[in-house]
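K.L.:
So that we are looking at the same thing, I have put the structure below in structure tokens.
What follows is calculated from the coordinates using simple rules that are stated; it is not laboratory data. All values derive from a computational prediction rather than experimental measurement. Here the Cβ positions follow ideal geometry from the backbone for every residue, glycine too, while neighbour counts run over all protein chains shown.
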Amino acid sequence: MAKKSLIEREKKRQKLEQKYHLIRQSLKKEISKASSLSEKWEIQGKLESLPRNSAPTRLHRRCFSTGRPRATYRDFGLSGHILREMVNECLLPGATRSSW
């Protein structure tokens with residue numbers, strides 16, 4: 001189980017990213033439309049003044065049940081070992097164990 005503080009920090013980052021998403025998107029469009037280099041630098045300065053944790057690259061996908069940050073499957077939102085346990089117990093519909 002991940003520490004509660006790390007999970008809460010991740011939730012805070014998600015809220016910040018949602019809050020500044022439209023602002024960040026509009027500034028990036030302005031940069032692409034700007035003609036002179038000085039205008040681009042000015043807009044880039046505005047973009048850099050936004051909080052760091054509002055950038056989408058700072059978000060990290062975590063396991064839904066344990067909060068584990070690594071080896072998470074996007075389709076299920078679970079880490080590998082939790083996914084394997086749930087498949088073995090037939091808790092995930094449509095998922096089967098591999099056999100060859």
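K.L.:
I'd like the Karplus ³J(HN,Hα) series for the range 71-76: coefficients 6.51, -1.76, 1.60, θ = phi - 60°, whole numbers in Hz, and an x wherever there's a Gly or Pro.
P.N.:
Result, rounded to whole Hz: 6, 9, 8, 5, 4, 10.
K.L.:
Go through 46-53, 75-82 and give me the packing order, highest mean Cβ count within 10 Å leading.
P.N.:
Working: 46-53: 12.1, 75-82: 15.9.
Final packing ranking: 75-82, 46-53.
K.L.:
Subtracting the Cα-Cα distance from 0.36 nm times the residue separation, let me have the gained length for residue 9 to residue 74 in nm, one decimal.
P.N.:
On the way: separation 65, 0.36 × 65 = 23.40 nm, distance 2.03 nm.
Once the chain is fully extended between residue 9 and residue 74, it gains 21.4 nm.
K.L.:
Using a Förster distance of 22 angstrom, determine the FRET efficiency expected from the C-beta separation of residue 40 and residue 18, and round it to 0.05.
P.N.:
With a Förster radius of 22 Å, E is 0.25.
K.L.:
Just want the answer: with Cβ charges of +1 for Lys and Arg and -1 for Asp and Glu, which residue in 71, 92, 7 is farthest toward the dipole's positive end in the chain?
P.N.:
7
K.L.:
Between residue 78 and residues 5 or more places away or on another chain, which pairs have amide H atoms under 5 Å apart, with H built 1.01 Å from N, and which residues are they?
P.N.:
For residue 78, the qualifying residues are 64, 73.
K.L.:
Under a 5 Å amide H to amide H cut-off, with H placed in plane at 1.01 Å, what residues pair with residue 60 once short-range neighbours are removed?
P.N.:
Residues meeting the amide H criterion: none.
K.L.:
Hey, another quick one. Could I have the simple spin-label model distance between residue 65 and residue 49, label points 7 Å from Cα toward Cβ, reported in nm to one decimal?
P.N.:
If labels sit at residue 65 and residue 49, their model points lie 4.7 nm apart.
K.L.:
Counting only helical runs of four or more DSSP H residues, what would the 222 nm mean residue ellipticity of the chain come to if each run contributes -39,500 (n - 2.57) and the total is spread over all its residues?
P.N.:
For the chain, the value works out to -17000 deg cm²/dmol.
K.L.:
Please identify the trypsin sites (Lys or Arg not before Pro) of the range 56-100 that satisfy two criteria: DSSP loop assignment and at most 16 other Cβ atoms within 10 Å. Which are they?
P.N.:
Values: sites: 58, 61, 62, 70, 74, 84, 97; in loops: 61, 62, 70, 74, 97.
Counting only loop positions with at most 16 other Cβ atoms within 10 Å, the trypsin sites (Lys or Arg not before Pro) in the range 56-100 are 61, 70, 74, 97.
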